[in-house]
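Student: Pasting in a structure now, in structure tokens, and then I'll have a few things to ask.
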Amino acid sequence: MQWRSLPAFREKSPAYLDAVDAYLPALSALSVQQRRDLAVFKAAELLNALIQIRERRQAPDRLGDAFAKASFQRVRQVIRERRIVLQGAELIDLRDPVLRDLIDEGCRLFHAGKRDAAVYQRALALSAAQCLVLNDQLDEAIARYAAGSGLSFPDSLLQAVRSSFLEAYRTA
């Protein structure tokens, strides 16, 4: 199935779809190990995003301010240190220049997008392209991050991330 025909892309603008398309070659060129490593970062990022959204909206299933802050600080630490240390001494090194550049680009677009809607759409397009390319690695990555992050994610949150960002971008 072509990715553009997925329900997640049906209502998107041509500019958004073109932006997703523009990110796909670089992401598709990643090695299997780079994809596995980036997928764990992506899992952390997606879990945190959903937690922050629920907290801001004061959703009934939010996890509370303290948990939201802990999740945010964990992701921020990963971005700063360029590594994810999971319980059990597993270390995911994100210092690879290609991974570093992809993470930096996402952060740059996200922060610039707070002031510019078009830039924010590019940040979302990069995230969508990552969800497409990393789809085969994301389920395992979510499980690895959830088990080793030191945070206790409820199953309902893990399932919401899988539904919104894994199943919604599955092409095969």
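The values are calculated or read from the model by the stated rules, or taken from the named source; none is laboratory data. For clarity, every value in this text was computed on a predicted model and none was experimentally measured. Here Cβ is always computed from backbone atoms with ideal geometry, including for glycine, and neighbour counts include all displayed protein chains. Surface areas here come from the heavy atoms of the whole protein model, side chains and all, with no ligands, DNA or RNA. Shrake-Rupley method; radii C 1.70, N 1.55, O 1.52, S 1.80 Å.
Student: Quick check: from the Cα gyration tensor, does segment 21-123 come out rounded (a/c under 1.5), prolate or oblate?
Tutor: On the way: a/c = 2.09, a/b = 1.19, b/c = 1.76.
Oblate.
Student: Roll a 1.4 Å probe over the protein chains and send me the accessible area per residue for segment 1-134 in Å². Mind showing how you got there, number by number?
Tutor: Details: 7350 Å² over 134 residues.
Solvent-accessible surface per residue comes out at 55 Å².
Student: A further question follows. Go ahead and estimate [θ] at 222 nm for the chain from helices alone: -39,500 (n - 2.57) per DSSP H run with n ≥ 4, summed, over the residue count, rounded to 500.
Tutor: Values: 7 runs with 111 residues, N = 172.
The helix contribution divided over the chain gives -21500 deg cm²/dmol.
Student: Applying the Karplus parametrisation 6.51 cos²θ - 1.76 cosθ + 1.60 with θ = phi - 60° to the phi angles of segment 40-48, what ³J(HN,Hα) value in whole Hz is obtained for each residue in order, glycine and proline being reported as x?
Tutor: With coefficients 6.51, -1.76 and 1.60, one gets 5, 4, 4, 4, 4, 5, 5, 4, 4 Hz.
Student: While we're here: Convex hull over the alpha-carbon atoms of segment 1-68: what's its volume per residue in Å³? Could you put the intermediate results ahead of the total?
Tutor: On the way: hull volume 9.3 nm³, N = 68.
Each residue corresponds to 137 Å³ of Cα convex hull volume.
Student: Oh, and also: Bins of 10 Å, beginning at zero and ending with the bin holding the largest distance: percent of Cα pairs per bin for the chain, please.
Tutor: P(r) for the chain, in whole percents per bin: 10, 38, 40, 12, 0.
Student: Considering only protein heavy atoms and a 1.4 Å probe, what is the carbon-and-sulfur percentage of the accessible area of segment 73-163?
Tutor: On the way: 2320 of 4640 Å².
Of all accessible area on segment 73-163, carbon and sulfur atoms account for 50 percent.
Student: Can you work out the FRET efficiency for the pair residue 164 and residue 91, with r the C-beta to C-beta distance and R0 = 35 Å, to the nearest 0.05?
Tutor: Values: r = 28 Å, r/R0 = 0.80.
My answer for the efficiency is 0.80.
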